[in-house]
Amino acid sequence: KGVYWHDGGCGWEVQRLAQVEEVAEVAVACADCTTTTSTCCDDVLAANFLFCQTQEIDPVVGWLSGNHGDITMHANYDEDVCVNIQAWRRDGYCEDPVFRAVCPQTCEVPCDECGGWSADNTAAACEVANVLGVANTTDCSDVPACTIFRDEHMCPSDPVVRKLCPTTCAGVARRLEDAPTKTTMDSFNRYQHRFEAHMDQRRQQEAAARRLDLASRRVATTWNPMDDAYVAADCSVDAQPNTDTFPVRGCYLWETFDRAVPDVTIGRFCPDQHVYQTFSNAYCNENNIPIRGAALAGLTDEERATVEGALCYTRCHAADTLDSFRAAGPPTYCEGSDPAMNEFSNALCVPREECEALCDLLGAACSGIEVHKTRPRCFLNGPACLTNGHVTEQLMQETPDYDFAVKAAEPVRYDTFTDRECAAPPAGDMDTWLDKLG
């Protein structure tokens with residue numbers, strides 16, 4: 001989508017259009033999660049393990065040995081990890097069986113669904129086994145994933161496994177001779193990266209099958225979102241966009257917290273877009289497109305009727321148009337007409353923005369428009385005043401009444417809004433003003 005200034009004033013952020021699924025609200029509390037470890041409750045420890053960023057092994061060894069305090073004291077440990085991740089990554093996380101199982105309360109999973117997971121969540125466990133690369137078969141039909149986890153001694157040390165396999169892991173205690181297995185040790189560093197790639201793949205596969213809306217999604221930032229010191233010292237809602245910092249070398253992927261991407265440059269680039277380049281007080285002689293001619297041959301019947309219906313004669317002079325002739329403004333704009341405009345006239349009674357749209361409808365057959373400076377009247381033009389796609393000003397004629405506008409490609413576009421002006425909001429009351437605008 002583009003590069004935008006962060007609303008908290010921390011720096012620049014890269015946004016793209018995200019596909020966001022509409023999820024039905026399920027406002028039912030399945031369990032008292034303050035007093036129980038029900039399969040319908042969020043497992044904060046498991047979610048942090050699933051998304052943990054640290055690559056430090058010492059706290060992990062301490063945690064795997066039973067000292068949970070080491071990991072919960074880590075700087076990245078987040079008591080609200082389920083809520084924060086679902087809020088940051090709003091494109092289907094709660095539809096993934098693993099995230100849904102680890103954070104069922106946040107995902108508002110129906111009670112009958114999460115209640116059934118007390119006998120092991122085989123689907124989610126199989127997903128994890130595939131993510132970690134320990135599944136015997138893709139569908140885990142050969143050996144159940146929970147059985148693999150138990151045999152790998154992952155039940156005591158991996159909170160994600162314990163969450164997904166409560167029945168299989170029930171009563172499995174750590175023995176002194178059971179040092180953490182390589183699978184368990186690797187999982188701490190592999191979960192997050194593999195789960196991210198797994199989720200991206202799921203989103204791509206399922207996007208076509210889901211009902212989606214478009215929304216802005218933050219992809220990367222020029223600051224480290226997990227750097228609390230920077231956020232506290234340098235972020236301010238009053239900070240103004242600073243393009244002097246461009247180009248910015250390196251960024252941080254928002255979805256993966258603080259993963260740095262050094263080989264990326266964020267800068268200002270405005271690609272060319274479709275515009276109408278205006279030449280004031282000019283017109284192209286004998287260049288009007290015959291509205292009832294061959295130029296409209298490629299249009300559908302509906303499109304042809306739209307163009308012909310905009311003719312001043314059709315709107316204001318043909319039979320049964322007397323009321324329209326006496327009126328001004330939309331939808332007929334007959335103040336742009338003239339009594340001399342007969343059925344052979346190519347004049348269109350429309351404001352500039354509608355004239356541009358009609359020219360666009362004709363595609364390459366229409367190269368530009370002539371627009372009256374004070375009345376809603378225009379003519380569609382062919383390529384007579386163009387040389388190799390560019391305007392040859394020597395071929396144009398001067399006139400105080402018309403502007404000539406030709407199709408072009410430029411980085412900056414100005415849209416026309418006839419009979420409109422920009423109303424400045426009351427001082428200090430921007431929010432109320434925006435609310436009124438909807």
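Brief remarks follow.
- Summed over segment 153-180, the residues that are at pLDDT 85 or above and open to solvent by 20 Å² or more (accessible area, probe 1.4 Å) give a count of 6.
- Yes/no for Glu113 being open to solvent by 60 Å² or more (accessible area, probe 1.4 Å), within 17 Å of Thr39 (Cα to Cα) and in a loop (DSSP other than H, G, I, E, B): no
- Boolean, Ala31 is modelled with pLDDT of 65 or more, small (Gly, Ala, Ser) and not in a helix (DSSP H, G or I): yes
- Among the residues examined, Ala423 does not qualify as at pLDDT 85 or above and either in contact with a helix residue (DSSP H, G or I) (Cβ under 8 Å, 6 or more places away or on another chain) or open to solvent by less than 80 Å² (accessible area, probe 1.4 Å) (or both).
- Odd one out for Gly329, checked against (1) under 16 Å from Tyr313 (Cβ atoms); (2) assigned to a loop (DSSP other than H, G, I, E, B); (3) not hydroxyl-bearing (Ser, Thr, Tyr): (1)
- Residue check, Cys334 open to solvent by less than 50 Å² (accessible area, probe 1.4 Å) and closer than 20 Å to Glu286 by Cα: no
- Scan of segment 404-419 for residues that are in contact with a Gly (Cβ under 8 Å, 6 or more places away or on another chain) and not in a loop (DSSP other than H, G, I, E, B), ordered by number: Phe404, Ala405, Val406, Lys407
- Taken over segment 281-313, the residue count meeting the criterion of being at pLDDT 90 or above, open to solvent by 50 Å² or more (accessible area, probe 1.4 Å) and in a helix (DSSP H, G or I) is 8.
- Only residues that are surrounded by 14 or more Cβ atoms within 10 Å (Cβ to Cβ) and within 13 Å of Ala282 (Cα to Cα) were counted in segment 382-394, giving 2.
- Of the criteria (1) open to solvent by 40 Å² or more (accessible area, probe 1.4 Å); (2) in contact with a Leu (Cβ under 8 Å, 6 or more places away or on another chain); (3) of a type in the set (A, V, I, L, M), which one Ile369 fails: (1)
- Checking every residue in segment 75-89 against the condition of being surrounded by fewer than 18 Cβ atoms within 10 Å (Cβ to Cβ) and at pLDDT below 55 gives at least one match.
- For segment 221-257, taking the residues that are more than 27 Å from Asp78 (Cβ to Cβ) and at pLDDT 75 or above, the one that is least open to solvent (accessible area, probe 1.4 Å) is identified as Pro241.
The values are calculated or read from the model by the stated rules, or taken from the named source; none is laboratory data. Values in this document were obtained by computation on a predicted structure and should not be read as measured data. Every residue, glycine as well, gets a Cβ built from its backbone with ideal geometry; the counts of neighbours run over all protein chains shown. Keep in mind that these areas ignore ligands, DNA and RNA; they rest on the heavy atoms of the full protein, side chains included. Shrake-Rupley method; radii C 1.70, N 1.55, O 1.52, S 1.80 Å.
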